[in-house]
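Some notes on the structure that comes next.
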């Protein structure tokens, strides 16, 4: 599903968890293109974990300042705690860049540290660690090991959300909307959509029983529609999407325990909006989100994930509506309207969301009265 | 390696929110930046817009309220906000 692009050495991330530490194996080139993926995953591991985070650097071929930056940020966040970010077995080029930048304290100098990890998956069959192929997963590689996932908390969900949002932003050049579909009770449901048009695009696919989102979620590989006008597949859905102003779609599957469970869908009003880098980023973040969902399954159902997403999105919606009401009434800019909302919520001693909800309710009420009076 | 702690990052530490949780609250209030960008704002590696900065202040202030406190993080309209300290 990935391996897109023309890099001599494909970027690769794998995570394994054990009781005492989390090991992140990084391979290939860590540069401005791949560092955000590494950073997002490091974020998730630092936030969720209760152990040291070990970056197994043996297979890094190149690392630039952007890679250093995300490692420094992760390390900085653990400062003051008993936990550490450790860079283990760095090759000379990585060791040198860490030393030059004063980050050599992160280097692990105990050559035995990774010995257990040096064993292949076969030798580690009895190990209690959970291994998740995070990025650049070659179809030939074993992807998800079974076994006890560490307990998952809401921060795991946060991490999944962050990855999805990071994706939306990382591809913002071409992306006009993003949605996440997950299988619940055997049916695909949209658990997050950037706006109503996008939610409708997903619904149109469920209604017609066809489309790239459904295909990605059932077949487990990505579907890319470069130009809807030239697309011959999905004759029921495509005309609806064109009518909705969509010109290209990229759907990337979310995979848990080797089974596709949903898809991350990126829509654009421009034809051929998604280049190889966009596809690579989509695969990167979708696969990471999948890995995190794998763990979240331990004690967090899809329903709960969906619930939290829905609440967050509906809160944003209500706030945006209230902002609109204030802008209409006071001729204020969006930011000024938000400041009014914030200020009045504080004066009333309630949250911004509660205040927004009251403003929207009042506006509806006034509107009804106004209509009745006419 | 890390610049001096600013008002927002200090507030986050005071109320005990993880970066992820603060980002989520900021997102719920309508924020559009990614978690990585928000983190960069907190470490002063990126400059947030005034609106983003105020959203982060609001997310923290609502958390202070939940804990029984007032709204200690100033907003951009409060003149004492030092942009470089955000």
On a C-alpha basis, how far is the centre of the range A:20-40 from the centre of the range A:55-105 in Å? Whole number, if you could? 10
Within 10 Å of each Cβ in A:37-47, the average number of Cβ atoms from other chains: 2
From the Cα gyration tensor of the range B:1-65, with a ≥ b ≥ c the square roots of its eigenvalues, which class applies: rounded if a/c is under 1.5, or else prolate if a/b is larger than b/c, or else oblate? oblate
For peptide A:338-346, how many partner chain Cβ atoms fall within 10 Å of a residue's Cβ, on average? 4
Express the relative contact order of the range B:1-65 as a whole percentage, based on alpha carbon pairs under 8 Å and six or more residues apart in sequence. 44
Ranked list, fewest to most other Cβ atoms within 10 Å of each Cβ, for A:368, A:228: A:368, A:228
Would you compute, for the Cα atoms of the range A:309-373, the largest minus smallest coordinate along each principal axis and list the three values in descending order, in whole Å? 36, 27, 21
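No value in this document is a laboratory result; all are computed from the given coordinates. What you see is a predicted model; the values in this text were computed from it and never measured. Virtual Cβ from ideal backbone geometry, glycine too; neighbours counted across all protein chains shown.
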